[in-house]
1. Does A16 fit the bill of being closer than 27 Å to A151 by Cβ, of a type in the set (A, V, I, L, M) and surrounded by fewer than 20 Cβ atoms within 10 Å (Cβ to Cβ)?
2. Could you check the stretch 60-111 and list, in sequence order, the residues that are of a type in the set (A, V, I, L, M), buried (at least 16 other Cβ atoms within 10 Å of the Cβ) and not in a loop (DSSP other than H, G, I, E, B)?
3. Is it the case that some residue within the stretch 42-60 is modelled with pLDDT under 90 and in contact with a Phe, Trp or Tyr (Cβ under 8 Å, 6 or more places away or on another chain)?
4. Is there a residue being among the acidic types (D, E) and either at positive phi or in contact (Cβ under 8 Å) with a residue 40 or more places away in the chain (or both) anywhere in the stretch 52-62?
5. State yes or no: is G57 of a type outside the set (D, E, K, R) and either in contact with a Lys or Arg (Cβ under 9 Å, 6 or more places away or on another chain) or part of a helix (DSSP H, G or I) (or both)?
6. State whether one or more residues within the stretch 180-192 are touching a Lys or Arg at 6+ places or on another chain (Cβ under 8 Å) and over 20 Å from R208 (Cα atoms).
7. Could you give me the residue pairs with C-beta distances under 7 Å whose first residue belongs to the stretch 107-119 and is under 15 Å from W79 (Cβ atoms) and of a type outside the set (S, T, Y), whose second residue is part of a helix (DSSP H, G or I) and at pLDDT 70 or above wherever it lies, and which are 6+ apart or on separate chains?
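The values are calculated or read from the model by the stated rules, or taken from the named source; none is laboratory data. From a predicted model like this one, the values you see are computed outputs, not experimental measurements. For neighbour counting, all protein chains shown are included, and Cβ atoms are generated from backbone atoms with ideal geometry for every residue, glycine included.
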Amino acid sequence: MSAPALRALGLRRRFAHPSGDVEVLRGLELSVDAGELVTVSGRSGSGKSALLALLGGFDSPDAGRVLLGGEPVDGAPPWHTCAVLPQALGLAPELTVGENVALPLRLRPDGDKDGIDMRVSALLGDLGVGALVERYPGEVSFGQQQRVALARAVSGRPKVLLTDEPTAHLDAASKPAVLRLLRRCADEGAAVIVATHDDQVRAVADRRFRLTDGVIMAVPG
């Protein structure tokens, strides 16, 4: 039996605060298989972003460990293994929209360099921002930047996709394309974890969790 695509084992994370240290994760356990779309909800400050940072290897737990495909995470993995869409987006301002989306493909050692332009065009088109390919991030709206950053995250077909509030800055017309892409990534075999407040995102998930007082609990239905 193959290992889960992602496992969190006993994660603890504490942050310093003037009024006293705050433990945002308290022995958290989570397992996500390839092909699953899982949502994590919770109030602002509940630790959702902190959890994604640990799962993506951008932060280290005070206790516990993260496994990707059964292997311990030690620092941020390559994008084709684990891709992250953070709230801060992190698009390179000196690169065009198309160049940003192509970056994971150009950095992937085993990728098909001949198909990059076609992959970039298809993803941007699916997300309704195909006309922006030659523009720079500073020349488009934040909602458009968010869709570009999602296209960049999925362009290399990662085994694990972590997304933090991917619909937070989208209007009603833009959201369905993002939902379809997240669902498609899971259907094509990725383990997709979405931190979200959005009921429409939760509606397309296979499983739903809520993070409360540092502990994660399954949400029925």
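1. On the way: closer than 27 Å to A151 by Cβ: no; of a type in the set (A, V, I, L, M): yes; surrounded by fewer than 20 Cβ atoms within 10 Å (Cβ to Cβ): yes.
Judged against the criteria, A16 is not a match.
2. Across the stretch 60-111, the qualifying residues are V66, L67, L68, A83, V84, L85, V97, V101, A102, L103, L105.
3. No, the stretch 42-60 has no match at all.
4. In the first step, residues of the stretch 52-62 are kept if they are among the acidic types (D, E); the result is 59, 62.
With the extra rule that they be either at positive phi or in contact (Cβ under 8 Å) with a residue 40 or more places away in the chain (or both), the set shrinks to 59, 62.
So far as the stretch 52-62 goes, yes, one or more of its residues are among the acidic types (D, E) and either at positive phi or in contact (Cβ under 8 Å) with a residue 40 or more places away in the chain (or both).
5. Considered against the rule, which asks whether it is of a type outside the set (D, E, K, R) and either in contact with a Lys or Arg (Cβ under 9 Å, 6 or more places away or on another chain) or part of a helix (DSSP H, G or I) (or both), G57 comes out as no.
6. no
7. Listed by first residue and then by second, the contacts come to G111/L105; I116/A102; I116/L105; I116/R106; R119/L105; R119/S155.
To keep it simple, each residue is scored yes or no on (1) within 16 Å of the chain's Cα centre (by Cα); (2) in a strand (DSSP E or B); (3) modelled with pLDDT under 95.
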position	(1), (2), (3)
G115	no, no, yes
G125	no, no, no
A168	yes, no, yes
D171	no, no, yes
V192	yes, yes, no
